[in-house]
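Read-outs: derived from the displayed coordinates by stated rules, not from any lab. Source: prediction; values computed, not measured. In this analysis, Cβ positions are derived from the backbone assuming ideal geometry, glycine residues included, and neighbour counts consider all displayed protein chains.
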Amino acid sequence: MGVAADERRALSALFDELGPDAPTLCEGWRTRDLAAHLVLRERRPDAAPGIVVPALAGYTKKVQDRYANLPWAELVARVRSGPAKFWPTRLPGVDEAANGSEFLVHHEDVRRAQPGWEPRPADPARDAAAWRAARGTAKFALRKSPVGIVLRTPDGRQAEVKSGPDTVTLVGAPVELLLFVFGRDEVRVEFEGGAAAVERVKALGRGI
């Protein structure tokens, strides 16, 4: 098993617990919308491109809305059971590469939208995957930063992800850094650098 499988299982259990109408950090989405998104991207190759291609987004939304209207138990069962049989992520290695960050971030999207959330305890496998993903994703997600950006974990691991003047260092646990890179604000991250440069980083449009 890997991080993708662990996070899929944990998110599915949280869906069971919270029901279809709980809030998430994904703007405009309740838990039923997020579950429908996850099912669509693994079962509908005709509609999945609209997740990232604006011109196709209308069709994708129609398909997603149909999934969202399924009985909740059925929809969660589809998330839990994983992709269609023909889907490449049926292969464990492909699943980990394609879905590790996806399910980790979306699990936290649900957890952190609930009152009184706290970060989960450190987990070596999850943290290692989050650190790899944060470094790789940041180079794309933060590419428009007018200042340099460095990611650093509390144990001293460090990566420059954007070169530039007035460098700002983001300090946090790997999962916190990954969530920040993916555009989430419900994170425990500290900023080191000049005040003006820090504000520029905070104001960035982030995410994929």
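Within region 133-202, DSSP assigns beta bridges of which about 65% are antiparallel (rounded to the nearest 5).
Spin-label model, residue 13/residue 55: points 7 Å from Cα along the beta carbon direction are separated by 4.4 nm.
Packing order of peptides 101-113, 72-84, highest average first: 101-113, 72-84 (average count of other Cβ atoms within 10 Å over each peptide's residues).
Full extension of the chain between residue 81 and residue 159 yields a length gain of 24.5 nm, computed as 0.36 nm times the residue separation minus the alpha carbon distance.
The packing ranking of peptides 172-179, 124-131, highest mean first, is 172-179, 124-131, where packing means the average number of other beta carbon atoms within 10 angstrom of each residue.
Between the helical axis of 92-111 and the longest alpha-carbon principal axis of the chain there is an angle of about 80 degrees.
Is the shape of region 3-111 rounded, prolate or oblate, going by the alpha carbon gyration tensor and its root eigenvalues a ≥ b ≥ c, with a/c under 1.5 for rounded and a/b larger than b/c for prolate? Rounded shape, in that the Cα axes give a/c under 1.5.
For residue 162, the amide hydrogen comes within under 5 Å of the amide hydrogens of 149, counting only partners 5 or more places away or on other chains and with H modelled in the peptide plane. Residue-wise HN-Hα couplings along region 44-51, as the Karplus relation 6.51 cos²θ - 1.76 cosθ + 1.60 with θ = phi - 60° gives them from phi, are 10, x, 6, 9, 4, x, x, 5 Hz; Gly and Pro carry x. Peptides 36-47, 13-24 ranked from most to least packed give 36-47, 13-24, packing being the mean of other C-beta atoms within 10 angstrom over each peptide's residues.
For region 29-163, the tally of Lys pairs with Cα-Cα distances below 26 Å comes to 4, considering only residues 8 or more apart or on different chains.
Candidates (1) 56, 44, 28; (2) 51, 37, 30; (3) 51, 38, 35; which is the computed Cα extents along the principal axes in Å? This structure yields the entry labelled (3).
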